[in-house]
Amino acid sequence: MVDTSNTRDRFVTRRGLLKAGTAVGLASAALIPSARAQAASTFVFANPVEYDTLDPHTVFDYSRVATRLNFYDGLYRWLDNPPKLTPWLAESHTVSDNGLVYRFKLRANAKFHDGSPVTAEDVVYTMERTLGINKGPAVLFSAIIKPGSTKAIDASTVEFTLTRPSAAFMSTVPEIHVVNSKLLKANTKGDDWGQPWLSSNVAGSGSYKLERYDPAVGVIGVRNPDHFMPWPAKYVDRIDLRTVREQSTQVLGLIKGDYHSLDGFLPADALDRLRKANTVQIIEQPSMRLFILHLNNQRAPLNDVHVRRAISMAFDYKGFITDILKDTAVRNPAPVPANLWGYPKDVKGWDYDIDKAKAELAKAAVKIDRPLEIHTLVGLSQTEQAGQIMQAGLRKLGIESKIVAETWPTLSGKARNNETTPDIWTNWISTLYADPQNWVGEMYDSRNWGNWKTGSYYKNPKVDALIEKAVTSTDQSVRDAAYQEASRIVVDEAASVFIYNTKWYGPFAKRVQNVRFCPVGNGQDFRWLNLG
């Protein structure tokens, strides 16, 4: 439940913000007491994206991953870097000889926040709810698990039966965030699966319990002392996940001590400023986070491959990566991170070349008779800069464009349907699990349409078949070759504009210790750290 007692002391109401006409990020910084005025064991994380829902089965992105990792548990969890798949709610699992039946044995001491045990029935309900809602992480399971096929063998044993072998299934198991079925059923009305209730409440077993939630400001969690995973000797008692949209406010707040950490992907000028502050530490780690521009392949004129190729050659990659990002990222011209298997090393991608772009555009069978829309993300200046570079390149081709800034929930919501998806939009593809399927498989298999990750709405039967081959084979060499070939085709047909792979530059207050970074979750699993 959400504790609304004394809310006025810590949170600004949405009505108050609207009356004041003040941005959420600035209001939260100005009107909420700073971290220095709070208990020493409260960790404050400033996030540029709002926490508009707490439901772990309706969202599947990096921006709101902290609520999933800290309030919920999966059967397994990705830890450290390189990512290692680690038993979590489950202590072990077995797989049948035909690769279709996965049986998990649950830990005996795992309990939900209300004290009730985590049982196999809860896992079954979680999978049925995920498939029934058909949002967020459902894209990982809907093609291989049918409703009604997941069974509780006994109270501590759950069995998943797949419709076909899936080499990526174990990689995705951490995204089965288990919910308290009895609590959720008690708050369900009709066939809504309890979505309205769970959007502002928590029904999990995670390391932190929900203390307060205000979608206009953020989320506060208090440590769950009864969590089944042993706590380190030092920890933080409370986590304050706060929405702060303005980047200048984020940076100043971290330097002053109002916040203890920011998103680990910041522009070069912000990083430079933080590096110079004696109150801040920068933790640098290799990542697998791709930055791309989605192109809506189903909407004219972008449904013409020559138009898409011309657009890909109109983006100034070096100008963006070197001049703006100061080489804090590296060119990644394909839809798989270059530091992961499945990446086609022979692919050079499209280079910035206006003359060649004009020649390619002349081959197009469609006319560009309207301005194209480029959608960027509010509060993320790097997306705005990329949009401006794209706009400048298009102008050199004689193509007019318009930049539209939107919040992530709005933009990702539009991307669930190709008719409402923008012409061009900026997006990071984070490491939600460490397998090429997370990138080229989910993004360009047309069977996945309806999820924001398929936001280019690309379709090629040959690519679909290659991805099917990769995901159903148990032979690593077969999978590697199939993902590489699929990637080559996607690049050749310019399905999206592939820009870079980056490092994670986690900015933390100098007093923060024992940060445990994993590319899956980008260091937002906060149970490990402490404030010195």
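The values are calculated or read from the model by the stated rules, or taken from the named source; none is laboratory data. Note that the structure is a prediction, hence the values are computed from the model and not measured. Ideal geometry is used to build each Cβ from the backbone, glycine not excepted, and the neighbour counts take in all protein chains shown. Quick note on the areas: whole protein, heavy atoms, side chains included, nothing else; ligands and nucleic acids left out. Shrake-Rupley method; radii C 1.70, N 1.55, O 1.52, S 1.80 Å.
Worth a mention:
- Criterion violated by Val491 - all others in (1) within 18 Å of the chain's Cα centre (by Cα); (2) not in a loop (DSSP other than H, G, I, E, B) satisfied: (1)
- For Thr130: the one exception among (1) more than 17 Å from Trp193 (Cβ to Cβ); (2) modelled with pLDDT of 95 or more; (3) among the polar types (S, T, N, Q): (1)
Results for (1) at pLDDT 95 or above; (2) under 28 Å from Ala357 (Cβ atoms); (3) hydrophobic (A, V, I, L, M, F, W, C), shown as yes or no for each residue.
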{"position": "Ile403", "(1), (2), (3)": "yes, yes, yes"}
{"position": "Ser446", "(1), (2), (3)": "yes, yes, no"}
{"position": "Val478", "(1), (2), (3)": "yes, no, yes"}
{"position": "Ser487", "(1), (2), (3)": "yes, yes, no"}
{"position": "Tyr500", "(1), (2), (3)": "yes, yes, no"}
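- Summed over segment 506-532, residues that are at pLDDT below 95, of a type in the set (Val, Ile, Thr) and surrounded by fewer than 21 Cβ atoms within 10 Å (Cβ to Cβ) total 0.
- Just so you know, in segment 182-193 the residues that are free of Cβ contacts under 8 Å to residues at least 60 places away in the same chain and touching a helix residue (DSSP H, G or I) at 6+ places or on another chain (Cβ under 7 Å) include one that is most open to solvent (accessible area, probe 1.4 Å), and it is Asn187.
- Checking each residue of segment 348-358 against the condition of being open to solvent by less than 60 Å² (accessible area, probe 1.4 Å) and closer than 23 Å to Glu442 by Cα gives at least one match.
- Condition check for Lys503: open to solvent by 10 Å² or more (accessible area, probe 1.4 Å) and closer than 30 Å to Gly253 by Cα: yes
- Here is the figure for segment 453-500: residues that are in contact (Cβ under 8 Å) with a residue 60 or more places away in the chain and small (Gly, Ala, Ser) total 8.
- Any hit, segment 380-395, residues being open to solvent by 40 Å² or more (accessible area, probe 1.4 Å) and of a type in the set (Asp, Glu): yes
- Within segment 426-449, the residues that satisfy the criterion of being of a type in the set (Phe, Trp, Tyr), touching a strand residue (DSSP E or B) at 6+ places or on another chain (Cβ under 8 Å) and either closer than 17 Å to Asp492 by Cα or part of a loop (DSSP other than H, G, I, E, B) (or both) are Tyr433, Trp439.
- Number of the exception - Asn339 against (1) within 22 Å of Gln382 (Cα to Cα); (2) in contact (Cβ under 8 Å) with a residue 60 or more places away in the chain: (1)
- Checking Trp408 against (1) under 20 Å from the mean Cα position of the chain (by Cα); (2) under 20 Å from Leu290 (Cβ atoms); (3) surrounded by fewer than 18 Cβ atoms within 10 Å (Cβ to Cβ), the condition it does not meet: (3)
- When each of Tyr213, Tyr208 is tested for being touching a Ser or Thr at 6+ places or on another chain (Cβ under 7 Å), at pLDDT 95 or above and within 30 Å of His113 (Cα to Cα), the lone residue that passes is Tyr213.
- Test: residue in segment 333-346 that is out of contact with any strand residue (DSSP E or B) (no Cβ under 8 Å at 6 or more places or on another chain), open to solvent by 20 Å² or more (accessible area, probe 1.4 Å), over 30 Å from Lys469 (Cβ atoms) and modelled with pLDDT of 95 or more: no
- Among the residues examined, Ala482 does not qualify as assigned to a loop (DSSP other than H, G, I, E, B) and either under 26 Å from the mean Cα position of the chain (by Cα) or modelled with pLDDT of 95 or more (or both).
- Applying the criterion of being touching a Phe, Trp or Tyr at 6+ places or on another chain (Cβ under 8 Å) and modelled with pLDDT under 95 to the residues of segment 261-282, the residue that is farthest from Trp449 (Cα to Cα) is Leu271.
- Criterion: open to solvent by 10 Å² or more (accessible area, probe 1.4 Å) and free of Cβ contacts under 8 Å to residues at least 60 places away in the same chain - qualifying residue of Pro286, Pro215, Pro225: Pro225
- Residue in segment 445-452 that is under 30 Å from Val251 (Cα atoms) and open to solvent by 30 Å² or more (accessible area, probe 1.4 Å) present: no
- Among the residues listed as Ile292, Ile324, Ile239, the single one being hydrophobic (A, V, I, L, M, F, W, C), open to solvent by 20 Å² or more (accessible area, probe 1.4 Å) and in contact (Cβ under 8 Å) with a residue 60 or more places away in the chain: Ile324
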